[in-house]
Amino acid sequence: MRHQALTNGSDGPVERTVQLVGDSTFAVSLPKSWAVEQDLEPGMSMYLYPHEDRLVAAPDTASTQDRTVTIDASTVTDEVVLCRIDAAYEAGFDRITVTNLEGTDSGCRRAIERTTSRRIGLTVQEASGECLTIANVLAASDVSLPQTIAQERQLLAEMYTDAITALVTGDEELAERVIARDDDIDRLSTFVSRGFHRGLENVHEIEQLGTDRVAAFREYRVAQSLERIADHAARIATIATRQTAPPDGPVADRLEPIAAAVREVLESALEGDAETAYERAGAVEQRLDEFDQYLYDGAETNAYQYGVVIGRLRQTTTDGRLIADTMTEAMFTDRDTINRRSQP
């Protein structure tokens with residue numbers, strides 16, 4: 001892209017000269033007309049964020065500007081209103097105002113309030129007969145994307161183990177608890193997505209979340225995979241509530257070690273040991289094929305439902321591969337960074 005002057009209104013890259021002022025200060029001059037257009041003023045604080053291939057300068061005002069959006073409830077169905085609230089939250093908006101609620105029934109308002117309560121950091125700030133305003137009350141400095149991922153991992157590990165236990169033992173109460181915990185994983189995953197999107201918009205935000213943009217993208221992808229795996233675990237738990245009886249001895253004896261092997265794939269991938277994750281995934285996929293054939297040839301009463309379990313375990317293994325892919329990409333990214341820094 002061609003370098004153009006700051007003063008001509010172009011958004012393209014420009015070249016400025018770093019000047020030495022005195023004996024200990026560097027300075028970069030900005031044309032006054034351009035600086036005014038960017039709402040810069042003398043004495044305004046600027047924050048400099050060093051990245052591997054760039055230096056980002058951001059005014060303090062960037063971190064204090066609320067992002068707002070309005071949703072007109074009179075033009076769409078109640079379901080679409082809820083979907084738009086979720087989308088606005090995930091996109092990183094600070095205030096979401098739903099208008100023209102007077103034409104909807106009370107169920108819509110209650111559904112909005114339930115949706116709000118299920119999202120981390122959201123609360124109903126203002127409410128009237130015709131509109132409702134939802135606001136984010138959680139500062140970015142109060143949370144951490146890496147810690148959120150760690151929490152999601154811990155919750156998922158318990159959820160997956162309990163889903164298999166409920167299936168093998170026929171514990172319907174445990175299965176119901178697993179299904180309920182799927183919403184907790186969704187909350188955490190959506191929160192990571194929100195942090196990632198806000199970090200794309202505001203360089204201050206990503207710094208306060210305890211990560212950087214490359215790492216945030218990696219955490220976003222991992223969170224999406226963990227959410228899918230939680231869905232698989234919930235589905236397995238659902239089978240536990242529908243089977244006529246726990247699996248017989250031969251089926252359980254085959255199912256439990258395969259499920260444990262799938263868990264090992266996930267553990268290796270999440271620890272960044274992609275090579276081991278790939279190796280374990282290949283081995284477990286073969287065992288799943290053999291188990292599938294065993295059910296097909298046998299006379300197990302719940303063979304079809306256990307076939308669904310096999311499908312979910314297979315998809316969980318695939319998601320483990322995706323996490324390993326993400327971790328591998330991160331390794332190469334870090335290696336490139338090291339190489340760049342080592343160059344004279």
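The values are calculated or read from the model by the stated rules, or taken from the named source; none is laboratory data. What you see is a predicted model; the values in this text were computed from it and never measured. Note that we place each Cβ from the backbone using ideal geometry, even for glycine, and neighbour counts take in every protein chain shown.
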- Note on the structure: Of the conditions (1) without any contact (Cβ under 8 Å) to a residue 40 or more places away in the chain; (2) farther than 18 Å from residue 236 by Cα; (3) surrounded by 14 or more Cβ atoms within 10 Å (Cβ to Cβ), the single one that residue 286 does not satisfy is (3)
- Query: So which residues in the stretch 24-38 are surrounded by fewer than 12 Cβ atoms within 10 Å (Cβ to Cβ) and modelled with pLDDT under 80, if there are any at all?
  - Reply: 38
- Residues of the stretch 203-235 that turn out to be of a type in the set (Phe, Trp, Tyr) and modelled with pLDDT under 90, as a count: 1
- Could you list all residues from the stretch 171-206 that are small (Gly, Ala, Ser) and in contact with a helix residue (DSSP H, G or I) (Cβ under 7 Å, 6 or more places away or on another chain)? 175, 189, 193, 195, 199
- Within the stretch 13-38, the residues that are touching a residue at least 24 places away in the same chain (Cβ under 8 Å) and under 22 Å from residue 54 (Cα atoms) are 30, 31, 34
- Query: Mind checking which residues of the stretch 179-212 are more than 17 Å from residue 115 (Cα to Cα) and polar (S, T, N, Q)?
  - Reply: 202, 208, 211
- Specify which of the listed residues (176, 219) is charged (D, E, K, R) and closer than 11 Å to residue 145 by Cα. 219
- Output for the stretch 190-213, where each listed residue is in a helix (DSSP H, G or I), under 20 Å from residue 46 (Cα atoms) and touching a residue at least 12 places away in the same chain (Cβ under 8 Å): 198, 199, 200, 201, 203, 204, 205, 207, 208, 213
- Those residues of the stretch 231-286 which are farther than 25 Å from residue 153 by Cα and either part of a helix (DSSP H, G or I) or among the acidic types (Asp, Glu) (or both) amount to 242, 248, 249, 250, 251, 252, 253, 254, 286
- Filtered residues of the stretch 120-145 (kept if part of a loop (DSSP other than H, G, I, E, B) and of a type in the set (A, V, I, L, M, F, W, C)): 120, 131, 137, 138, 139, 143
- How many of the residues making up the stretch 9-23 are part of a loop (DSSP other than H, G, I, E, B) and modelled with pLDDT of 80 or more? 3
- Note on the stretch 169-189: residues part of a helix (DSSP H, G or I), surrounded by fewer than 19 Cβ atoms within 10 Å (Cβ to Cβ) and touching a Ser or Thr at 6+ places or on another chain (Cβ under 8 Å) are 172, 174, 176
- Item | Which numbered condition residue 84 fails, given (1) touching a helix residue (DSSP H, G or I) at 6+ places or on another chain (Cβ under 9 Å); (2) surrounded by 15 or more Cβ atoms within 10 Å (Cβ to Cβ) | (1)
- Item | Search result, residues across the stretch 286-317 that are aliphatic (A, V, I, L, M) and over 27 Å from residue 224 (Cβ atoms) | 295, 299, 303
- Message: Show the residue pairs meeting these rules: Cβ distance below 6 Å; 6+ apart or different chains; first residue within the stretch 46-64 and more than 23 Å from residue 94 (Cα to Cα); second residue at pLDDT below 75 and not in a strand (DSSP E or B).
- Response: 49/203; 52/337; 56/203
